[in-house]
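Reviewing the structure listed below.
The values are calculated or read from the model by the stated rules, or taken from the named source; none is laboratory data. All of these numbers come straight from a predicted model, not from anything done at the bench. Using ideal geometry, Cβ is built from the backbone for each residue, glycine included, and neighbour counts are taken over all protein chains shown. The area values use the complete protein model at the heavy-atom level, side chains included, leaving out ligands, DNA and RNA. Shrake-Rupley method; radii C 1.70, N 1.55, O 1.52, S 1.80 Å.
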Amino acid sequence: PADIISTVEFNHTGELLATGDKGGRVVIFQREPESKNEPYSQGEYNVYSTFQSHEPEFDYLKSLEIEEKINKIKWLPQQNAAHSLLSTNDKTIKLWKITERDKRPEGYNLKDEEGKLKDLSTVTSLQVPVLKPMDLMVEVTPRRIFANGHTYHVNSISVNSDCETYMSADDLRINLWHLAITDRSFNIVDIKPANMEDLTEVITASEFHPHHCNLFVYSSSKGSLRLCDMRASALCDKHSKLYEEPEDPSNRSFFSEIISSVSDVKFSHSGRYMLTRDYLTVKVWDLNMETKPVETYQVHDYLRSKLCSLYENDCIFDKFECAWNGSDSVIMTGAYNNFFRMFDRNTKRDVTLEASRESSKPRAILKPRRVCVGGKRRKDDISVDSLDFTKKILHTAWHPTENIIAIAATNNLYIFQDKVNSEMH
């Protein structure tokens, strides 16, 4: 279905939240201001604007259909009253401008109220047009279209901290764009071998460092991360640092390579750490330590024995995302059965929560869920064999400063917030 959510992204203040879906639509939610009469009812998110960002296309040269599905949305830092965001499907990146209008000019000299030109012989005096209030209108306009930059599918876009450039990555190349220039981009990474039969890995995700505009990272299907420095050379094929964990031979299996592929990488807000997600784990890497991650968390270790059937139903190729909270102390990622996981880096506590209709009643408190393996079961435990693999939480986002999270469960968007300011709730 077209309404399956394919990306979620808070803007830099957290006041706006954008989702993209399989049908090429973008829906923007705005947080309502806190009301004076109910100081405890924090602003809820309501639909602010909906627009069609991408349409299905056809590449006649390659006889390829190009889906309209929105792969990623990234907000630009706000520089005036308008908001701007980038959205991309497999091939084309678009820059959208979102503006508000709540006044309209009235009392023109040469036009009547309907906008028709007046008979000039009847115009005998000059009047000063005035701005009259009107119902709020949110206007979304396409400002730029960045096309023809990619031969392969775009998997990520990232806005640079210089606020002037951004990059887009596909399976084999990463391009650097200037936000004002649409007809050319600069290729900064190209891992395409001369002979495609020698291809051993693909790029899975990439992101700019939050503070240093010359640094970016990209992850690969082989489970490695490469940190690149654009000051070192224009073409960043030679990375500055390679982060890779040697494989544990005791865990080696037919599926090792597939499940070690990194599906997402995110810098911490501080810029000191990187968070990666592979099929079974999330890992925290210190930028200063390349040999192994400083923390590894098991997301759903109980699936280790189920990899064969997950391979057969293609679930093993699902690409889960991960997110940091505003203070970099808690990380979040999704799982199956509409579960999502949170790991507190300080207390080492972790929790499994469920995004479901039952839990989404206002003021409902999320109950931790447990998955059990084997015979003994506690009352509320869920057995591994009864998990629903069609209900998967791939896309999540965390408000930049507050404990508010957005969870995309197929075609439902859940927004949970922490009433008490405890990290794990």
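If only residues of region 348-379 that are open to solvent by 50 Å² or more (accessible area, probe 1.4 Å), in a loop (DSSP other than H, G, I, E, B) and at pLDDT 90 or above are counted, the one that is farthest from ILE415 (Cα to Cα) is LYS348. Please work out if SER125 is modelled with pLDDT under 95, of a type in the set (S, T, N, Q), outside any loop (DSSP other than H, G, I, E, B) and open to solvent by 70 Å² or more (accessible area, probe 1.4 Å). Criteria not met by SER125. A residue that is modelled with pLDDT under 90, open to solvent by 30 Å² or more (accessible area, probe 1.4 Å) and either under 29 Å from the mean Cα position of the chain (by Cα) or farther than 16 Å from HIS12 by Cα (or both) can be found somewhere in region 382-393. Applying the criterion of at least 1 residues that are within 26 Å of SER206 (Cβ to Cβ) to the strands (runs of 3 or more DSSP E) found wholly in region 15-104 leaves 16-21, 25-31, 57-59, 64-66, 72-75, 83-88. Go through the residues of region 161-177 one by one and say whether even a single one is farther than 30 Å from SER221 by Cβ, of a type in the set (D, E, K, R) and free of Cβ contacts under 8 Å to residues at least 24 places away in the same chain. Yes - at least one qualifying residue is present in region 161-177. Taken over region 271-299, the criterion of being in contact (Cβ under 8 Å) with a residue 60 or more places away in the chain and surrounded by fewer than 16 Cβ atoms within 10 Å (Cβ to Cβ) is satisfied by GLY271 alone. Scanning region 45-72 for residues that are out of contact with any strand residue (DSSP E or B) (no Cβ under 7 Å at 6 or more places or on another chain) and among the charged types (D, E, K, R) yields a count of 4. Residues in region 65-86 that are exposed (fewer than 12 other Cβ atoms within 10 Å of the Cβ) and either aromatic (Phe, Trp, Tyr) or more than 30 Å from GLU15 (Cβ to Cβ) (or both): GLU65 alone. All conditions but one from (1) in contact with a helix residue (DSSP H, G or I) (Cβ under 6 Å, 6 or more places away or on another chain); (2) part of a loop (DSSP other than H, G, I, E, B); (3) among the aliphatic types (A, V, I, L, M) apply to MET289; the one that does not is (1).
Report yes if ASN89 is of a type in the set (S, T, N, Q) and either touching an Asp or Glu at 6+ places or on another chain (Cβ under 9 Å) or open to solvent by 100 Å² or more (accessible area, probe 1.4 Å) (or both), otherwise no. Taking the combined requirement at face value, the residue satisfies it.
Let's see how each residue does on (1) touching a residue at least 24 places away in the same chain (Cβ under 8 Å); (2) closer than 30 Å to HIS12 by Cβ; (3) part of a loop (DSSP other than H, G, I, E, B):
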| position | (1), (2), (3) |
| --- | --- |
| HIS211 | yes, yes, yes |
| GLY223 | yes, no, yes |
| LEU227 | yes, yes, no |
| ALA232 | no, yes, yes |
| LEU235 | yes, no, yes |
| GLU247 | no, no, yes |
